[in-house]
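The values are calculated or read from the model by the stated rules, or taken from the named source; none is laboratory data. Please read all numbers here as calculations on a predicted model, not as lab measurements. Backbone-built Cβ (ideal geometry, glycine too); neighbour counts: all protein chains shown.
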Amino acid sequence: MRQKSGVRFLFLFFVLSILVSVQPLRSEQKSAEPASQPAPVAEPAVAQTPAAPSPVVVAPPVSETPTPAVVPAAVPPAAPVMTENPVAQNPPAVSEPPAAQIPTPTGIKPAPVEQAPPEPQPIGFVALLKDLVIFHTEEAITLKKLVERWNSRIKSIVERESNLNGEIETINKDISAKRESDPKKNKKEINRLDKQVSRLKKDLKTIRKDMGKEKDALLTELKELSKEGQTSVKERFQQVMEKVKLFGKEE
């Protein structure tokens, strides 16, 4: 028993000496390795004991608790650098206005044209009155031609009268100005202008006489047309009245 106890003591002493010698190497290896990787656990070496007459009991290996890896503290993200004008960094999105659609000429609708309501068509014996409408339409055309003919007939006389009146008015203004400025100095010129005005007034009288003659001629023609017109109107009305009277009796 004493021999076995001595052998055990020697074996434990030998194992402890090995562990003491291995521990500094482990600490150096841990400092050399990065902190993020955990240190490997070294398995205890089993020493070979010399042969003994009695069996040697091997003590179980002493397990070491692994040193937890040191995780570096999380570094917070850097805050964004703000410039003096924050709008310049992130300008607001500007929405472009929609393009105006220009209507094509084919899409433009023309303005509606207001049409006059249709004239009522005469029916029955009232339709016979169309003859009177036709008659008065023809008379209106005749009167229109009369106006055009007489307008060209007296045009030259009217223009001559207007020109004479303008000349007389201009000379009278000149005479008045000369009399106001120096009547004695301008006496001869004033007398000459007075004589000129007298001649123009005589011509104006002649023009007005001719105008009177043309006026009398127009009145004579209108009297004749009036008589003819009255006779024509009376005859046309009698014809239409007779037709209306006989309407429906022929059947």
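Is it the case that Arg236 is assigned to a helix (DSSP H, G or I), in the same structural domain as Val147 (by TED's automatic domain parsing) and within 30 Å of Phe135 (Cα to Cα)?
Numbers: assigned to a helix (DSSP H, G or I): yes; in the same structural domain as Val147 (by TED's automatic domain parsing): yes; within 30 Å of Phe135 (Cα to Cα): yes.
Spelling it out, Arg236 is indeed assigned to a helix (DSSP H, G or I), in the same structural domain as Val147 (by TED's automatic domain parsing) and within 30 Å of Phe135 (Cα to Cα).
For Asp194, indicate whether it is over 60 Å from the mean Cα position of the chain (by Cα) and surrounded by 10 or more Cβ atoms within 10 Å (Cβ to Cβ).
So Asp194 fits the description; yes.
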